[in-house]
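All of the numbers you see were taken from the coordinates with simple rules; none came from a lab. Everything numeric in this text was worked out from a predicted model, so none of it was measured. Backbone-built Cβ (ideal geometry, glycine too); neighbour counts: all protein chains shown.
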């Protein structure tokens, strides 16, 4: 193992010892309770009432695993539409394994692509915690021996995993659906968005381009948060190996889905080995997730999601861990927005399996981890295929067939992972540099201050964003308005940069996992609404952002800052979006570095 990977893993374990010990004690107590056998007759009768006779008989006998199916299916989200028929397919596969199953809960799933720039985006991050709670409601019936989790996209899959970890005594297998076929290349789509922002193409032309990019069922093909989710489920051993990027509605996808059912039955207490997900997700699995995120150039949203997932498992993962690993983990993949390739081309070039093999051989991943496959992480370095209609796995070529997409660890795209921690008198924040030209990694410029994404768009349209500038968009943190993504700012900033201005963004909000090109300093904590320094700076203050040196400061001394009044801007909640119902989450939510969650005690 690389010594820094070992050191960061050991530090995470040491820092989390008290929390993790408490978690494992609760897990053991939960595992000690019998499930169906302890229910009263009336309770059990309610659970059996709608079951077929053969399933009733098996469940009454109690010697076979009974599996919960938790799904985020809806046909509004292209990525989740293929999940419609999964529950019945999984039940058939489980029956062949001698197990039974029930659809225990559906969880909400909203689309960030639909809500970008709209008030509904203010519920996006909070939906993650709601999904975890919805999964818990389904599992609370206490009759299950394991669970299959069906989900793909941005907040959905982290929410499902957080919910699963609160039932950590149960084995868990995550079941993806796969990406849509490639459509309009992502770089062409982004270029048309920038031209539309400049007024050079019509809305009809923009819509035609968007429809050509998002054109069928399956996950979007750029390497944003949804597809980063899938890669992380692989490296944490929660998928059947090779499941992430196989297309929906194909025989191979069906075989992988069936195998997920067999795996969860095998990993139950009645199966070949008992693998509670709360024991499976340990410090090594979490560090593997961070390493894979960095090496693949994945979404900055996971600097929120992975700490929240870690806390659900009893660990205290922080941004310093990400930064320390980023300095030694090379960037091995170029997938849009960090390159021209989409996830289908990434998969064809070797995909997660090829990436993991390189990282394992370089000593950057822990191999000795528990996985749903029944083997260590090395099992995830082979690709699935159908051999005489049966699922099998085969070795990948030793050499990358597309060095512009995947590189060996000895010849990386960059020596570092490109995720940096910036600190200074403004607070702590993260930036992703892997998609940014190094010429733009630092800036000293005056602040242009806005309290909403819409205000920036209006200033851009009016031609008011002139000269070098640091765009400050504040009161976008979790306490202020739920921390919406500010993705619609990216075409504007890219246009300014291409026109010769030096520009950067600093915000206590988020950017889309598909953002790139411009230096964006994100997730600033303490946020403005919590009294952070961002609420004290004024138009024209000189700001210094340096991703190379990790510097984030305003050129004012402590006395000058203390003398400034706190700006406490607040906008009335827009009606028609249900925002008022989430006031409790806004009050209870923790800091961005701790995952921006309302579910955990500090």
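Tabulated data
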quantity	calculated
Under 15 Å from the residue 501 label point (7 Å along Cα→beta-carbon), backbone N, the range 194-210	197-199
Cβ-derived FRET efficiency at R0 35 Å, residue 583 paired with residue 202, nearest 0.05	0.30
Reference-scaled alpha-carbon Rg (2.2 N^0.38 Å with N residues) for the chain	0.95
Ranked list, fewest to most other Cβ atoms within 10 Å of each Cβ, for 144, 126, 174	126, 144, 174
In range of the label at residue 442: residues from the range 467-488 whose backbone nitrogen is under 17 Å from the point 7 Å along Cα→Cβ	469-470
Kirkwood-type radius of the range 99-168, with distances r between different C-alpha atoms, in Å	12.7
Mean-position separation - Cα centroids, the range 137-156 and the range 411-426, in angstrom	35
The range 419-572 - Rg (one decimal) and Dmax (whole number), Cα, Å	14.0, 40
Peptide ranges 462-472, 69-79 listed from the most packed, as the mean C-beta count within 10 angstrom indicates	69-79, 462-472
Tilt relative to the chain, helix 17-32 - C-alpha long axis, 0 to 90 degrees, to 10	30
Convex hull volume per residue for the range 366-491, taking Cα atoms only, in Å³	250
Calculated SAXS-style log₁₀ I(q)/I(0) at q = 0.10, 0.17 Å⁻¹ - the range 132-258, Debye, Cα scatterers	-0.42, -0.89
MRE, 222 nm, helices only [DSSP H, n ≥ 4, -39500 (n - 2.57), over the chain, to nearest 500]	-11000 deg cm²/dmol
Separation between Cα centres of the range 334-354 and the range 473-512, rounded to whole Å	26
Antiparallel bridges, percent of DSSP beta bridges restricted to the chain (to nearest 5)	45
Nearest 10 degrees, 0 to 90: helix 489-498 Cα axis against the chain principal axis	50
Which of 246, 175 has the fewest Cβ neighbours within 10 Å, and the rest in rising order	246, 175
Tilt relative to the chain, helix 86-96 - C-alpha long axis, 0 to 90 degrees, to 10	30
Rel. contact order, % - alpha carbon contacts under 8 angstrom, at least six apart, the chain	15
Point-to-point label distance, residue 216-residue 388, nm (Cα→Cβ direction, 7 Å offset)	3.1
Fewest-first ranking of 239, 46, 66, using other Cβ atoms within 10 Å as the exposure measure	46, 66, 239
